[in-house]
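The values are calculated or read from the model by the stated rules, or taken from the named source; none is laboratory data. Predicted model, so just to flag it, every value in this text is computed and none were measured. When we count neighbours, we look across all protein chains shown, and the Cβ atoms used for this are built from the backbone with ideal geometry, even at glycine. The protein model used for the area step is the full one, side chains on, heavy atoms only, and it has no ligands, DNA or RNA in it. Shrake-Rupley method; radii C 1.70, N 1.55, O 1.52, S 1.80 Å.
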Amino acid sequence: MFKHDNRIVITLDAGGTNLVFGAMRGCEFITEPLTMPSNAHDLDLCLDTMVNGFRQIIDSLDEKPVAISFAFPGPADYPHGIIGGYLPNFPSFRNGVALGPFLEHEFGLPVYINNDGDLFAYGEALCGALPEINSRLAEAGSSKRFNNLLGYTFGTGFGVGMVVNGQLNRGDNSCVETFCLPHKTKSGVITEEGVSVRAVKRVYAEASDEYDRKLEPKDICNIADGRLEGNVEAARRAFAEFGETAGDAMAIAAQLVDGIIVIGGGITAARHLILPSLLKELRSSLQTLGGDSVNRVQMEVMNLDDPDDFERFAKGNRKSLTIRGTNLTVEYDDMKRIGVTFSKLGASKAISTGAYAFALTKINELNPGNA
């Protein structure tokens, strides 16, 4: 949708350690990344760093950008650009900061701020996984098309974003979340305790009794694959539990949204260890009190990165029905299905692309004649 748009939007990857500034045109970066320390402990220094970074990027361009758009950690009132609350990585913002209005005043440009999970989903819906899947369906001769997407990020925490019919669901309180759903196997515990960096490390330590060994998920993945010494069974269990817990949370949202699931983030490097249990959970069943079995997710859930699964996904199950009282027939596809795929853009690029697309969408809404 925006891959051939010539307008420029300034972006920012805001982390507690570093701020990485850039500029996008046509869903692609047109500047080298500019990295500066976040100075997140000092509000004035942090804001001055943002101004400096944005100004350097703007000054390097051959034409004026139309907006600044980026992700920033919450809690926040994103539509109004207000950041405030318990932000572990940005402690100086906890009492509330009018970040959007401040930057609009400094640069005379519209400023759009969103949650990273929302922008990940939006980027994948408009410029990533969703248009790619629909294009592959067209190439396969299928008339089926998808309009809804759930985006999940696996990393420090468990992020989510939801796009329905091309519209990002920001919620009424900027609070569309997954991390706080109940954990499948641990009563009274949030699901993020099973879907995060700390979850992989905890389960491996518990299963291997190697509490003193300082390992990251990458190390545990290498152990599971036999590339690093350690407890292979414990390593595989860590990622299997991760997939099961994530699949349980995804099943809830997938049943409500009925769309494609796309996953990104650093821990997806271990997708081959996570996906089997994740799909098993999505494909599991529940029972009625009368003894009947029903699918946990009413649609068939397919692995869109597997060629055989995608072929079946594209083919569907077409049938002909005779219209009563006539010799006429109609065809329909009675296979209800959704699919799971992993981001090809990568989480960081998808978030920036989402920020780019979000800004242009809002500008187009305000100025429909200039779209």
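With a requirement of 2 or more residues that are on the phi < 0 side of the Ramachandran plot, of a type outside the set (Val, Ile, Thr) and open to solvent by less than 10 Å² (accessible area, probe 1.4 Å), the strands (runs of 3 or more DSSP E) lying completely within segment 262-371 that satisfy it span 337-342.
Scanning segment 244-261 for residues that are touching a residue at least 60 places away in the same chain (Cβ under 8 Å), open to solvent by 30 Å² or more (accessible area, probe 1.4 Å) and of a type outside the set (A, V, I, L, M, F, W, C), we see that the one that is nearest to residue 218 (Cα to Cα) is 244. Considering only residues in segment 72-104 that are in contact with a strand residue (DSSP E or B) (Cβ under 6 Å, 6 or more places away or on another chain) and either within 27 Å of residue 30 (Cα to Cα) or among the hydroxyl-bearing types (Ser, Thr, Tyr) (or both), the one that is modelled with the lowest pLDDT turns out to be 72. Just to verify a result, which residue in segment 3-37, among those that are over 25 Å from residue 91 (Cα atoms) and aliphatic (A, V, I, L, M), is most open to solvent (accessible area, probe 1.4 Å)? Among those residues, the one meeting the criterion is 30.
Selection of segment 183-197 for residues being at negative phi and exposed (fewer than 14 other Cβ atoms within 10 Å of the Cβ) yields 185, 186, 187, 189. Scanning segment 199-235 for residues that are free of Cβ contacts under 8 Å to residues at least 60 places away in the same chain, closer than 19 Å to residue 245 by Cβ, of a type in the set (A, V, I, L, M) and open to solvent by less than 20 Å² (accessible area, probe 1.4 Å) turns up 199, 203, 205, 220, 224, 234, 235. Taken as a whole, segment 106-113 holds no residue that is of a type outside the set (Val, Ile, Thr) and closer than 27 Å to residue 274 by Cβ.
Of the residues that sit in segment 140-158 and are in contact with an Asp or Glu (Cβ under 9 Å, 6 or more places away or on another chain) and open to solvent by less than 10 Å² (accessible area, probe 1.4 Å), which one is farthest from residue 353 (Cα to Cα)? This residue is 158.
Of all residues in segment 200-246, those being of a type in the set (Phe, Trp, Tyr) and part of a loop (DSSP other than H, G, I, E, B) number 1. Filtered by the rule that a residue be touching a strand residue (DSSP E or B) at 6+ places or on another chain (Cβ under 8 Å) and charged (D, E, K, R), segment 335-348 gives 336, 337. Listed by first and then second residue, the pairs linking a residue in segment 145-173 that is of a type outside the set (Val, Ile, Thr) to a residue that is crowded, with 24+ Cβ neighbours inside 10 Å and modelled with pLDDT under 90, with Cβ atoms under 6 Å apart and 6 or more places separating them unless they lie on different chains, are 158/178.
Matching residues to (1) more than 22 Å from residue 350 (Cα to Cα); (2) in contact with a strand residue (DSSP E or B) (Cβ under 6 Å, 6 or more places away or on another chain):
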position: 245; (1), (2): yes, no
position: 260; (1), (2): no, yes
position: 271; (1), (2): no, yes
position: 277; (1), (2): yes, no
position: 282; (1), (2): yes, yes
position: 290; (1), (2): yes, no
position: 294; (1), (2): yes, yes
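Within the set 126, 130, 137, 119, the sole residue that is part of a helix (DSSP H, G or I), touching a helix residue (DSSP H, G or I) at 6+ places or on another chain (Cβ under 8 Å), surrounded by fewer than 20 Cβ atoms within 10 Å (Cβ to Cβ) and not charged (D, E, K, R) turns out to be 137. When residue 161 is tested against (1) closer than 30 Å to residue 134 by Cα; (2) surrounded by 17 or more Cβ atoms within 10 Å (Cβ to Cβ); (3) at pLDDT 95 or above; (4) out of contact with any Asp or Glu (no Cβ under 9 Å at 6 or more places or on another chain), only condition (4) is not met.
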